[in-house]
Amino acid sequence: MPDQAHFYVLGAFLLGVTLTVAWENRHWRHETLNGTPNKAWGKSRKRRAHIRQKESQGLLDKAIESVESLEEEKDDIREGIEGCIGNTPLIKIKSLSDATGCEILAKAEFLNGAGNSPKDRVALSIIQMAEERGLLIPHSGDTIYEGTVGSTGISLAAICQARGYKAHICMPNDMAVEKSDLLLKLGAEVERVRPAPIVDQDQFVNLASRRAIEHTTNANKPGRGLFADQFETEANWRAHYSGTGPEIYGQTGGHLDAFVSGAGTGGTLSGVALYLKPKLPNLKVVLADPPGSGLYNRVKFGVMFNNKEKEGTRRRHQVDTIIEGIGINRVTHNFDVGRELIDDAIRVTDDQAIGMAKWLVENDGIFVGSSSAVNCVAATKLAKQLGPGHRIVTLLCDSGARHLSKFWASTEPVGGAEGDISLDAILESRS
Ligand SMILES: Cc1ncc(COP(=O)(O)O)c(C=O)c1O
């Protein structure tokens, strides 16, 4: 056969195949849409029916598989609300990872089940340690006293209810009002006091300590008072050493280049660093520090303030900031135990945190509070310093719902992406 004839035969064959497929498709659609079977196409119908049968068998197999996997987890029953503390997911923050070329991962600590923050771990650890030492008796009137900006109090109040204790919380009166409202709903007694430096006897932590003694020495009050003392107690950093640290190591398979976190008591940063550093000596541990905190200078230059001021004696109030939960002007025991392991510090301004909080909603659907936003700013700055290809872990501490009246009240309305401020512009915000 001449070459040209070959070409014509092949063309006719392909045309035949195409027309057959098109006709079958048309018929198939017709048959499925109006439900009328066509006798002339019985053979093709059988084939279609066979395919459909195979497809539905496949779907059925998949459904059975997923039901079976659910059934395997049938025994996964948590022991009370305390059973919902820890083992939080590690989330890849996609927008920040895409923008920096680093993997920016965040522990979703707001998913802790009792008080919805990393402080659940600490509150449970404090209570368990006191119980082991016989310092608490359920339903005896025993009361836990704590000085807190809110999160630790909320976790303590929830767990106290679950275990038969009372909670009495002293907090500064400039913290977001939704935190004290929530404490009251959890049945805690709340004392909101004016913000004061630690040298003042009525500073919220000093007051809580005093109230615990007053309770124990008052013969008319049932039970005893126990000062939780989150800033100084071993139970705090140990909760992160035995929980948050190992979880991060396990979830990343030990592959991470840096851990970034703010410090309030310092328990998170110290506990995680103490666990991870011996396993990963090249890990960079970085403090994220908000305005008004002395910790940045402490890490960078070894002094809390300029050398005219002595640590812990400063009388003026902390610089005004809308960031809650992190930043402090004294070295607490919980910061001190891990201090040597902190490699660097990054300063974050209020505007940078506000911009980041809005960015996270608009780009990732993640709605968080001020300390989480500070963490994410610092993690992004660090990613830019380290360059692409690194893996950085940080924390999302609590939900934005805890910060509606203060931090989120300062934020521009969340809208679309158009005309929005760029990530670089957020990182450069000065105030
Ligand atoms: C919301 C929030 N994030 C972070 C922290 C800081 O954690 P740490 O006390 O372990 O330094 C706190 C401390 O109270 C907090 O309330």
Along the positive direction of the dipole of segment 118-227 (beta-carbon charges: Lys, Arg +1; Asp, Glu -1; about the Cα centre), which of Q161, I137, L207 reaches farthest? I137
Does segment 118-227 classify as rounded, prolate or oblate by the C-alpha gyration tensor (a ≥ b ≥ c root eigenvalues; a/c under 1.5 gives rounded; else a/b over b/c gives prolate, otherwise oblate)? oblate
Quick one: go through segment 134-148 and flag any residue whose amide nitrogen is under 16 Å from the point 7 Å out along the Cα-to-Cβ line of E191. 143-148
Taking R0 as 22 Å and r as the Cβ-Cβ distance between N297 and E234, the FRET efficiency 1/(1 + (r/R0)^6), rounded to the nearest 0.05, comes to 0.25
Segment 118-227: relative contact order in percent, alpha carbon pairs under 8 Å with at least 6 residues between: 29
Hits in segment 203-230: amide N under 15 Å from the 7 Å Cα→Cβ extension of E131, namely none
For the pair K46 and E412, what calculated FRET efficiency results from E = 1/(1 + (r/R0)^6), where r is the Cβ-Cβ distance and R0 = 51 Å, to the nearest 0.05? 0.20
Contour minus Cα-Cα distance for D98 and K384 (0.36 nm per residue): 101.8 nm
Dipole size in debye (nearest 20) for segment 118-227 around its Cα centre, Lys and Arg Cβ +1, Asp and Glu Cβ -1? 160
For the ranges 327-335, 343-351, what's the packing order if you count other beta-carbon atoms within 10 Å of each residue, average per peptide, and put the highest first? 327-335, 343-351
Which of F301, F204, F367 has the fewest Cβ neighbours within 10 Å, and the rest in rising order: F301, F367, F204
Pair V199, S405: separation of 7 Å Cα→Cβ label points (nm): 3.2
On a straight-distance basis, which aspartates and glutamates could pair with K62 in a cross-link, Cα separation under 16 angstrom, same-chain partners fewer than 8 positions away excluded? E71, E72
Peptides 233-245, 116-128, 52-64, 385-397: what's the order by average Cβ count within 10 Å, highest mean first? 116-128, 233-245, 385-397, 52-64
Give the peptides 285-294, 260-269 in descending order of average Cβ contacts within 10 Å, highest first. 260-269, 285-294
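Every number in this text was worked out from the coordinates using simple rules, so none of it is lab data. On a predicted model such as this, the values are computed, not experimentally measured, just so you know. Heads up, the Cβs are rebuilt from the backbone with ideal geometry, glycines too, and the neighbour counts pull from every protein chain shown.
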